[in-house]
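Quick notes on the structure that follows.
The values are calculated or read from the model by the stated rules, or taken from the named source; none is laboratory data. What you see is a predicted model; the values in this text were computed from it and never measured. Cβ coordinates were reconstructed from backbone atoms using ideal geometry, including for glycine residues, and neighbour counts include every protein chain displayed. Heavy atoms of the whole protein, side chains included, go into the accessibility calculation; ligands, DNA and RNA do not. Shrake-Rupley method; radii C 1.70, N 1.55, O 1.52, S 1.80 Å.
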Amino acid sequence: MADRDGVIWMDGEMVPWREAKTHVLTHTLHYGLGCFEGVRAYSTANGPAIFRLKEHTDRLFRSAHILNMKMPFSKDEINEAQRAAVRENNLDEAYLRPMVFLGSEGMGLRADNLKVHVMVAAWSWPSYMSPEAKEVGIKVRTSSYTRHHVNITMCKAKANGNYINSMLALNEAIASGCEEALLLDNEGYVAEGSGENIFILRDGVLHTPELTSCLEGITRQTILDFARELGIPVKERRITRDEVYIADEAFFTGTAAEVLPIRELDGRVIGEGKRGPVTEKLQAMYFDAVKGKLPEHAGWLTPTNG
Ligand code: PMP
């Protein structure tokens, strides 16, 4: 990743990709206190456009606020940085990574007066899973790792350190021949994937865990918006893992994973064992929306040119 052409926005200016470096005593590298976003830009008839940029930037600022990190830039500046990162790297479609981190002015948990840095990188990252996975779905296992408790770390913040838990779960799932992990909360209810929210469909009703220990996903919100438009009833509530086993359909949502069917959990085939019709409809709407093909949702797209 580090050795490539291009530019990265760092603290207000574009720097050559290979020179976008930090010191080994960077505080966030040691203790994980930082926050970030995962954002995507898609190719549309009006050129590349960032999907739900405002919502991502708002969440980044909320994360920083929760972690008590004072943002040194305005939301407008961070939005412009993201548009510029796509434009100046000549990308048609892109994954964007804004991150807020603490500098190397001091070490130790008590260090204060640490500078808050912000960076934005953008690169081409076409599919998070294999392209077939979008149709056939993925195999998932319930993790032996519990998702964060709301009073152990801050679940509304997309904090760097929170992802230790995600990576332990994901690595375990992959090592056991699955493609993703399903994490339960500390009371044993379904929380989310390592980097995705989860939905199940049963008897025509969509269910998704309420926002306690799972992240307030922007794709989750997009699916809730679509469900409302399509007249599909939705219940945000506690879900048990065996409810996922007996669901008619199940899918993950996330900026990286997009809308991803789940065909199996813990060796139990879900529904027909492939992408179900409601998942297919919501997935198609999602891809239409991000590519600017739903005029009623044109407002979700921010062109990066001009
Ligand atoms: N949960 C976790 C833990 C995540 O990392 C993500 C990805 N940001 C999501 C859910 C989905 O959020 P979004 O739809 O905003 O990408």
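On the given criteria, is Arg52 of a type in the set (Lys, Arg) and at negative phi? When the stated conditions are applied, Arg52 does not pass them.
Can you say whether Val190 is under 16 Å from Pro209 (Cα atoms), open to solvent by less than 70 Å² (accessible area, probe 1.4 Å) and either over 18 Å from the mean Cα position of the chain (by Cα) or within 16 Å of the ligand (Cβ to nearest atom) (or both), as far as the supplied structure shows? Write out each step before concluding.
On the way: under 16 Å from Pro209 (Cα atoms): yes; open to solvent by less than 70 Å² (accessible area, probe 1.4 Å): yes; either over 18 Å from the mean Cα position of the chain (by Cα) or within 16 Å of the ligand (Cβ to nearest atom) (or both): yes.
When the stated conditions are applied, Val190 passes them.
The selection criterion, being open to solvent by 10 Å² or more (accessible area, probe 1.4 Å), more than 22 Å from Asn113 (Cβ to Cβ) and not assigned by TED's automatic domain parsing to the domain that holds Cys155, does not hold for Pro72. Filtering Ala49, Ala45, Ala94 for residues that are touching a Phe, Trp or Tyr at 6+ places or on another chain (Cβ under 9 Å), away from the ligand (no atom under 16 Å from the Cβ) and either under 24 Å from Pro126 (Cβ atoms) or among the β-branched types (Val, Ile, Thr) (or both) leaves a single hit, Ala49. Residues in segment 112-168 that are within 16 Å of the ligand (Cβ to nearest atom), farther than 30 Å from Gly273 by Cα and assigned to a loop (DSSP other than H, G, I, E, B): His149, Val150, Ile152, Thr153, Met154, Cys155, Lys156, Ala157, Lys158.
Please give the number of the condition Tyr163 fails out of (1) within 14 Å of the chain's Cα centre (by Cα); (2) open to solvent by less than 30 Å² (accessible area, probe 1.4 Å); (3) among the aromatic types (Phe, Trp, Tyr). All conditions pass for Tyr163, except number (2).
Any residue at all in segment 204-212 that is more than 13 Å from the ligand (Cβ to nearest atom), open to solvent by less than 70 Å² (accessible area, probe 1.4 Å), outside any strand (DSSP E or B) and within 22 Å of Ala133 (Cα to Cα)? Among the residues of segment 204-212, not one is more than 13 Å from the ligand (Cβ to nearest atom), open to solvent by less than 70 Å² (accessible area, probe 1.4 Å), outside any strand (DSSP E or B) and within 22 Å of Ala133 (Cα to Cα), which makes the answer no. Report the residue count in segment 271-306 for those that are touching a residue at least 40 places away in the same chain (Cβ under 8 Å) and aliphatic (A, V, I, L, M). Total meeting the criteria: 6. Does segment 223-260 hold any residues that are assigned to a strand (DSSP E or B), open to solvent by less than 20 Å² (accessible area, probe 1.4 Å) and within 16 Å of the ligand (Cβ to nearest atom), and which are they? Across segment 223-260, the qualifying residues are Ala250, Phe251, Phe252, Thr253, Gly254, Glu258, Val259, Leu260.
So which residues in segment 173-187 are open to solvent by less than 60 Å² (accessible area, probe 1.4 Å) and of a type outside the set (A, V, I, L, M)?
The first filter runs over segment 173-187 and keeps only residues open to solvent by less than 60 Å² (accessible area, probe 1.4 Å), leaving 173, 176-178, 180-185.
Passing the criteria: Ser176, Gly177, Cys178, Glu180, Asp185.
Counting only residues that are assigned to a loop (DSSP other than H, G, I, E, B) and touching a strand residue (DSSP E or B) at 6+ places or on another chain (Cβ under 8 Å), which one in segment 169-203 is nearest to Lys281 (Cα to Cα)? This residue is Glu196.
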